[in-house]
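Only one structure is covered here, and it is reproduced in the block below.
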Amino acid sequence: MKRLFATTFLLLLLSACSSDSEDFNGDETQYQTIYRIPVVVHIVHNGEAVGSGANISYAQIQSQIEVLNEDFRRRIGSNGFNENEAGADTLIEFFLATEDPNGSALEEPGIDRVDGGRSEWPKGFLRNPIETSLKPFTIWDPEKYFNIWTVNFGGFASRDLLGYAQFPDESGLPGLNVDNGPDNTDGIVIGYKYFGSSEKGNFPDMIAPYDLGRTTTHEVGHWLGLRHIWGDGDCTYDDYCLDTPLSAEPSYGCPVDKITCTELEMIENYMDYTDDGCMNVFTLDQMDRMHTVLETCPRRKELVVLAQEPLY
Ligand SMILES: [Zn+2]
């Protein structure tokens, strides 16, 4: 009896040790899910050589993708990092597509160079060649690619335009219509002088203070269902995110300590109109809206490539 007891005890001890040891050395790493989105950039030019004028370089495109990933992932050590208590790593990333719509490898990943046959692209209510001709004729399958067009805006109505986006359809989110436009115009359009980051290369046509890639971060926010933080109205209008304080108007420049409603405004939010160097925050509620869009909406949910990343 004594012996048996001793053996049992030893076995228990062994098993306890072995279990401890397993816990210590075993794979306890936790993972988080990343939403990855394939991108094609249609570089619309007027016959310029690659790297000059509106026919922007591959390096300029890459610098923009880097900025998107820094901003959406709140990367430490980048302009996209913040220590705001409402600030989010949105777990959304972007990558340049490796194949064209026929399945052939792209010489320049994620790039489609288009000679648009004109030097300026107006976006007026009466004449709107971007929506009526450019996009429908150049778009790649919006269930396989997130389409971005870079153009030289121009004409009376778009002299000061930096970029614009098409909202997602059927999100069920407050503040968004069910239908926001045809399939064949889905995506965002950015002025080529505001696409990329002048901190990441020599891109002499870029114009400060909109030369750090935040026009695109802002438009991607719209494309993923975010409204402006001032709700496009006075203090009675909201952006449907509780963690972005109310604001009565857009902010320009970098006006710290600004209050137009009751609380300090979040002028550093990407969904305001402040200078590129002033912005560095997407909030947790904004992240939730974007995740809803990526899980729900046509031409969004089909795009997502899920990836697992160790959580440290
Ligand atoms: Zn906007």
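The values are calculated or read from the model by the stated rules, or taken from the named source; none is laboratory data. These figures come from a predicted structure and were not determined experimentally. Cβ placement follows ideal geometry from the backbone for every residue including glycine, while neighbour counts extend to all protein chains displayed. All accessible areas refer to the heavy atoms of the entire protein, side chains included, with ligands and DNA or RNA removed. Shrake-Rupley method; radii C 1.70, N 1.55, O 1.52, S 1.80 Å.
Name the single residue, out of those in region 164-181 being touching a helix residue (DSSP H, G or I) at 6+ places or on another chain (Cβ under 8 Å) and open to solvent by 70 Å² or more (accessible area, probe 1.4 Å), that is nearest to N147 (Cα to Cα).
Filtering region 164-181 for residues that are touching a helix residue (DSSP H, G or I) at 6+ places or on another chain (Cβ under 8 Å) and open to solvent by 70 Å² or more (accessible area, probe 1.4 Å), the one nearest to N147 (Cα to Cα) comes out as E170.
Out of region 220-236, which residues are crowded, with 16+ Cβ neighbours inside 10 Å and in a loop (DSSP other than H, G, I, E, B)?
Selection gives L224, G225, L226, R227, H228, I229, W230, G231.
Yes or no: region 248-265 includes at least one residue that is part of a loop (DSSP other than H, G, I, E, B), within 16 Å of the ligand (Cβ to nearest atom) and closer than 30 Å to D141 by Cα.
no
What single numbered condition from (1) in contact (Cβ under 8 Å) with a residue 60 or more places away in the chain; (2) of a type in the set (V, I, T); (3) open to solvent by less than 20 Å² (accessible area, probe 1.4 Å) fails to hold for I267?
Of everything listed in (1) in contact (Cβ under 8 Å) with a residue 60 or more places away in the chain; (2) of a type in the set (V, I, T); (3) open to solvent by less than 20 Å² (accessible area, probe 1.4 Å), I267 misses just condition (1).
For region 216-231, state whether one or more residues are within 11 Å of the ligand (Cβ to nearest atom), among the β-branched types (V, I, T) and closer than 24 Å to P136 by Cβ.
yes
Return the residues of region 45-74 that are of a type in the set (A, V, I, L, M) and more than 21 Å from the chain's Cα centre (by Cα); say none if nothing qualifies.
If the condition is that a residue be of a type in the set (A, V, I, L, M) and more than 21 Å from the chain's Cα centre (by Cα), then A49, V50, A54 are the ones that fit.
So, in region 106-137, exactly how many residues are open to solvent by 50 Å² or more (accessible area, probe 1.4 Å) and touching a Gly at 6+ places or on another chain (Cβ under 6 Å)?
Within region 106-137, residues that are open to solvent by 50 Å² or more (accessible area, probe 1.4 Å) and touching a Gly at 6+ places or on another chain (Cβ under 6 Å) number 2.
For D232, indicate whether it is without any contact (Cβ under 8 Å) to a residue 60 or more places away in the chain and on the phi > 0 side of the Ramachandran plot. I'd like the intermediate steps shown before the answer.
Values: without any contact (Cβ under 8 Å) to a residue 60 or more places away in the chain: yes; on the phi > 0 side of the Ramachandran plot: yes.
Against the criterion (without any contact (Cβ under 8 Å) to a residue 60 or more places away in the chain and on the phi > 0 side of the Ramachandran plot), D232 qualifies.
To keep it simple, each residue is scored yes or no on (1) away from the ligand (no atom under 16 Å from the Cβ); (2) among the β-branched types (V, I, T); (3) under 19 Å from the mean Cα position of the chain (by Cα).
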| residue | (1), (2), (3) |
| --- | --- |
| Y145 | yes, no, yes |
| F167 | no, no, yes |
| S171 | yes, no, yes |
| P174 | yes, no, no |
| V189 | no, yes, yes |
